[in-house]
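**Q** Please see the structure below; I have some questions.
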Amino acid sequence: IPPRRLPLHEAAFAPTESPPIREAAGRISAGQVGLYPPGVAVLSAGEEITPEIVNWLSAMPADKLFGLDEHGRLTCVREGV
């Protein structure tokens, strides 16, 4: 389970930006991200995107991931917020 860095409600409504998956380590997720099927999130809003999660997400087929933006990037809380 990734470390929680912000309460879910704060992260879900914070200003966002979308870096490529490989550049997201150390950032805070602004939404749920996971693999479908089975449809279980590996990240929820407010959790830190760890290097292990970056590696796991990068190894998954992009068409099987949910929660990425239209360019296949992770939605993160904008840095400095």
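**Q** From (1) at negative phi; (2) not in a strand (DSSP E or B), pick out the condition that doesn't hold for Gly80.
**A** Exception for Gly80: condition (1).
**Q** Give me a count of the residues in the range 25-49 that are assigned to a loop (DSSP other than H, G, I, E, B) and in contact with a Leu (Cβ under 9 Å, 6 or more places away or on another chain).
**A** Of the residues in that region, 9 qualify.
**Q** Scan the range 52-69 and tell me whether some residue there is outside any strand (DSSP E or B), aromatic (Phe, Trp, Tyr) and modelled with pLDDT of 95 or more.
**A** Yes, the range 52-69 has at least one match.
**Q** Here's something else I'd like to know. Can you confirm whether Pro38 is modelled with pLDDT under 95 and either out of contact with any helix residue (DSSP H, G or I) (no Cβ under 6 Å at 6 or more places or on another chain) or farther than 16 Å from Phe66 by Cβ (or both)?
**A** Considered against the rule, which asks whether it is modelled with pLDDT under 95 and either out of contact with any helix residue (DSSP H, G or I) (no Cβ under 6 Å at 6 or more places or on another chain) or farther than 16 Å from Phe66 by Cβ (or both), Pro38 comes out as yes.
**Q** Working carefully through the options Ala30, Ala25, Ala12, Ala41, find the one that is open to solvent by less than 20 Å² (accessible area, probe 1.4 Å) and in contact (Cβ under 8 Å) with a residue 12 or more places away in the chain.
**A** That would be Ala30, the only listed residue that is open to solvent by less than 20 Å² (accessible area, probe 1.4 Å) and in contact (Cβ under 8 Å) with a residue 12 or more places away in the chain.
The values are calculated or read from the model by the stated rules, or taken from the named source; none is laboratory data. Just so we're clear, the structure is a prediction, and the values are computed from it rather than from any experiment. Backbone-built Cβ (ideal geometry, glycine too); neighbour counts: all protein chains shown. Remember, those area values only see protein heavy atoms, side chains included, never the ligands or the DNA or RNA. Shrake-Rupley method; radii C 1.70, N 1.55, O 1.52, S 1.80 Å.
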